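To start, the structure under review is shown below, and the notes come after it.
The values are calculated or read from the model by the stated rules, or taken from the named source; none is laboratory data. What you are looking at is a predicted structure, and each value in this text was computed from that prediction instead of being measured. Backbone-built Cβ (ideal geometry, glycine too); neighbour counts: all protein chains shown. With ligands, DNA and RNA removed, areas are computed over all heavy atoms of the protein, side chains included. Shrake-Rupley method; radii C 1.70, N 1.55, O 1.52, S 1.80 Å.
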Amino acid sequence: AYRSDCMTTASPLITADLVASAITYEQYVQLSTDRLAQGLSTTDDPHYNTPEIIGFVKLNLHRMSRLHKLMGLNPELRSVMARVPERWTWLVLTESWCGDAAQIVPVLHRMADESPYVEIKFLLRDQHPDLMNAHLTNGGKSIPKLICVRTRDIGSPTLREIGTWGPRPAGLQTLMDAWRTEKLTLIDIVERAQRWYNDDRTQATQRELLVLAASWSNVSA
């Protein structure tokens, strides 16, 4: 339910103009930093601009910076990414308040760097409701959401969607489903999830994406 490797399909929502409007990793980090300096997250939704949420944004930016500097990809994953046979655009729906995005976006960015054929671009969830609504997880607007798009026909009216992944590794998703039945506070759930990510050191994310990228490329993992 949390990742798919479907056959390629034309998506009228994903156009060359949309891809062109998406921002780079560096632009996303800068936007998040600039908005934080104003006491804001990347969305204008007041529910995601409370003092508590802005505290999460500050932590998220610190985590992203640390992962970007220190994280290494497993050799198998680097090998699969090096063998991507065609041009892809990875569109990632995200927001600066999202703790899962802070842990996963740097992994996706590092993976894309391993291939000359993969370009990663970022879209803010709340600025693209139609695209988000077409990529729900169990009916929810969970992020980050990776959408892998075949872009060799960049001039065509619509591009070909290969598959998706997100919002988090399946093992953590199972735990979070259980935690929600315990009626924990948002802070408790966020803190438990961050401890899980810290203990896992991106390995579950890398394992899942290794299998998926290999499937999308039709190469052995």
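Some notes on this structure:
- Angle between the chain longest axis and helix 25-37 axis [Cα atoms, degrees, rounded to 10]: 20
- Taking amide H atoms as placed 1.01 Å from N in the peptide plane, the amide H of residue 84 has no partner under 5 Å among residues 5 or more positions away or on other chains.
- Rolling a 1.4 angstrom probe over the protein heavy atoms with all chains in place gives the chain an accessible area of 48 Å² per residue.
- Spin-label pair residue 211/residue 16, simplified geometry with 7 Å Cα→Cβ offset, distance in nm: 3.7
- Portion, in percent, of the accessible area of segment 168-211 that falls on carbon or sulfur, probe 1.4 Å: 54
- Dividing the alpha-carbon radius of gyration of segment 82-221 by the rule-of-thumb value 2.2 N^0.38 Å gives 1.09.
- From most to least packed by mean Cβ count within 10 Å, the peptides 121-129, 160-168 give 160-168, 121-129.
- Diagonalising the gyration tensor over the Cα atoms of segment 89-158 and scaling each eigenvalue by 5 before taking the square root yields semi-axes of 21, 17, 9 Å, largest first.
- Axis angle, to the nearest 10 degrees, between helix 170-181 and the longest C-alpha principal axis of the chain: 30 degrees.
- Amide H within-cut-off set for residue 151, under 5 Å, with H built and near neighbours excluded: 87, 88, 89
- Pair residue 69, residue 31: separation of 7 Å Cα→Cβ label points (nm): 2.5
- Mean Cβ count within 10 Å, highest first, over the residues of peptides 100-107, 41-48, 69-76, 196-203: 100-107, 41-48, 196-203, 69-76
- Rounded tilt (10° steps) of 186-200 against the dominant C-alpha axis of the chain: 50
- Full extension of the chain segment joining residue 195 with residue 52 gains 49.6 nm, where the gain is 0.36 nm per residue of separation less the Cα-Cα distance.
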